[in-house]
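The structure appears right after this line, and notes come after that.
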Amino acid sequence: MNRTTSEQLYQEALQHIVGGVNSPSRSFKAVGGGAPVFMKRAGGSRFWDEDGNEYIDYLAAYGPIITGHAHPHITAAITEAAQNGILYGTPTQLEIKLAKMLKEAIPSMDKVRFVNSGTEAVMTTIRVARAYTKRSKIVKFAGCYHGHSDLVLVAAGSGPSTLGIPDSAGVPGSIAQEVITVPFNDLSGLREALEKWGGDVAAVMVEPIVGNFGMVMPEPGFLEGLCKLAHDNGSLVIYDEVITAFRFHYGSTQTYAGLDNHEDITPDLTALGKIIGGGLPIGAYGGRKHVMEQVAPLGPAYQAGTMAGNPASISAGIACLEVLQGQGVYEEMERLAIRLTEGLQESADRHGIPLTINRIRGAFSTHFCAHPITNYEEAQDTDGEMFASFFRHMLNRGINLAPSKYEAWFLTTAHTDADIDATLEAAEASFQAMAAEK
Ligand code: PMP
């Protein structure tokens, strides 16, 4: 496949844009480097690059594009919003409509506030939790990603529950000291952390179903235990559902029937993003009324935004959720994902390639290893070189995946059986080539 134009554009981009990309996840650093593909156009399940090559897309822009690219209902909503004036700086009726839709789908959200990204949403839930509890520390889980604000760019030290170490230059050690990191699915690690630092812990924050080191389910009882331990300690529970809300069904983790929990798993605060903006920039957070009343102008916790709740993002979000309310859309994405993952597994097995697939409805992750993936340590302990080789073989056969061994494949409402057939054909050829290279 000829990608000369992408290579030239990458060289040009490097001169003007730091690293040539506007988000590090877009670079090919984790898959051996070189020029990322410069896409020119997208529609439905497909991408076309600057050299005219066509790809089937499973990146879905890291999640938001659940209805496929350029969905006509969303495109029409954005066009209408643009024609009515792009940004007002005043409240609009549209904001009420989307807020009501979110509240109906996510019962723990008595009150909502719109922001511009998942990062902002998460960052503000932490501020609100700190204001409400008058405590400063947060507990997070290793490998969960919560955006790029200082407090959550903190990695685990060694040991089952540790004070964090900065994961990025520019994050002061003093801030990392405010974060305790525990392995996912490890209730005893959480208990230990709360025994040690409990009186200081404002919130326990979690991706209740993980999307950032593969797709990883909480083990039965994990979320129940987490909520109970946090609440007994006087800490709030924050669910970061930037990836997961509206991903597996029309709602969030607290209403997801696929979880084997019997007790309450209701969070105090939820952070949202991605799908709820239909592809335009958005974030939102919300929760119980008396917690949310900490937020300005009602309360002392400040949060503002020039672009927050802008009519274009809100209109796109409403349109996207309307598509997702359609009969059987999640079942169809799941049906295709089952076909795809079963085919991938058979093909990998046939060629002696170790592959573990974690699938949750229409989303799944592929891990080059023979062990199950239930936490970050296990996700790290997989063959990155093999993933890089698979990624490149698939790309060269017209399949666009995220260039990272931790990221998910997303089915959209635009994918078809023909897409799955073509993808399985590409995978069979890729595994065959990889087996021959071994
Ligand atoms: N939380 C989670 C769970 C995410 O996956 C992401 C983005 N991948 C974020 C927060 C940050 O969202 P954004 O990129 O919109 O700032």
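Looking only at residues in the stretch 198-248 that are of a type in the set (V, I, T) and under 27 Å from T412 (Cα atoms), the one that is nearest to the chain's Cα centre (by Cα) is I243.
Against the list (1) in contact (Cβ under 8 Å) with a residue 60 or more places away in the chain; (2) within 21 Å of the chain's Cα centre (by Cα), the condition H351 fails is (2). Within the stretch 320-335, the presence of at least one residue that is acidic (D, E) and under 30 Å from G89 (Cα atoms) is confirmed. Assess whether M215 counts as being within 12 Å of the ligand (Cβ to nearest atom) and out of contact with any helix residue (DSSP H, G or I) (no Cβ under 9 Å at 6 or more places or on another chain). Criteria met by M215.
Counting only residues that are within 20 Å of V323 (Cβ to Cβ) and of a type in the set (F, W, Y), the stretch 48-74 holds 2 of them.
Do we find that V206 is in contact with a Gly (Cβ under 7 Å, 6 or more places away or on another chain) and more than 20 Å from G299 (Cβ to Cβ) in this structure?
The answer is no for V206.
Under the condition of being closer than 20 Å to Y406 by Cβ, of a type in the set (A, V, I, L, M, F, W, C) and buried (at least 22 other Cβ atoms within 10 Å of the Cβ), the residues counted in the stretch 143-178 number 3.
Please determine whether any residue of the stretch 135-142 is small (G, A, S), within 12 Å of the ligand (Cβ to nearest atom), within 18 Å of the chain's Cα centre (by Cα) and assigned by TED's automatic domain parsing to the domain that holds I243.
We begin by selecting, within the stretch 135-142, every residue small (G, A, S); these are 136, 142.
Subsequent filtering for residues that are within 12 Å of the ligand (Cβ to nearest atom) retains none.
There is no residue in the stretch 135-142 that is small (G, A, S), within 12 Å of the ligand (Cβ to nearest atom), within 18 Å of the chain's Cα centre (by Cα) and assigned by TED's automatic domain parsing to the domain that holds I243.
On inspection, E120 fails the criterion of being away from the ligand (no atom under 16 Å from the Cβ), part of a helix (DSSP H, G or I) and at pLDDT 95 or above. F364 falls short on exactly one of the conditions (1) assigned to a helix (DSSP H, G or I); (2) under 27 Å from F248 (Cα atoms), and that condition is (1).
Take A284 and decide whether it is among the aliphatic types (A, V, I, L, M) and more than 20 Å from the chain's Cα centre (by Cα). Here the answer is no, as A284 does not meet what is asked. Going by what's in this entry, would L272 be described as within 15 Å of the ligand (Cβ to nearest atom) and within 15 Å of M205 (Cβ to Cβ)? Criteria met by L272.
List pairs: first in the stretch 105-124 and under 23 Å from E178 (Cα atoms) and touching a residue at least 12 places away in the same chain (Cβ under 8 Å), second β-branched (V, I, T) and not in a loop (DSSP other than H, G, I, E, B), Cβ under 7 Å, 6+ apart or cross-chain? Pairs that qualify, where the first residue is under 23 Å from E178 (Cα atoms) and touching a residue at least 12 places away in the same chain (Cβ under 8 Å) and the partner is β-branched (V, I, T) and not in a loop (DSSP other than H, G, I, E, B), are A121/V115; V122/V152; T124/V115. Here are the criteria: (1) among the aliphatic types (A, V, I, L, M); (2) within 19 Å of Y330 (Cβ to Cβ); (3) more than 16 Å from the ligand (Cβ to nearest atom). Tell me which single one V295 does not satisfy. So V295 meets the others, but not (2). Being within 28 Å of C227 (Cβ to Cβ) and either within 16 Å of the ligand (Cβ to nearest atom) or in contact with a helix residue (DSSP H, G or I) (Cβ under 9 Å, 6 or more places away or on another chain) (or both) is a property that A129 has. Test I373 against the criterion of being in a helix (DSSP H, G or I) and either at pLDDT below 95 or crowded, with 19+ Cβ neighbours inside 10 Å (or both), and give yes or no. So I373 fails the test. Of the residues contained in the stretch 428-435, none is found to be within 18 Å of M215 (Cβ to Cβ) and buried (at least 21 other Cβ atoms within 10 Å of the Cβ). Taking the listed residues T79, T133, T125, the one that is buried (at least 23 other Cβ atoms within 10 Å of the Cβ) and modelled with pLDDT of 95 or more is T125, with no other qualifying.
The values are calculated or read from the model by the stated rules, or taken from the named source; none is laboratory data. Keep in mind the model is a prediction, meaning the values are calculated, not measured. Cβ sites come from the backbone with ideal geometry, for glycine too, and all protein chains shown count toward neighbours.
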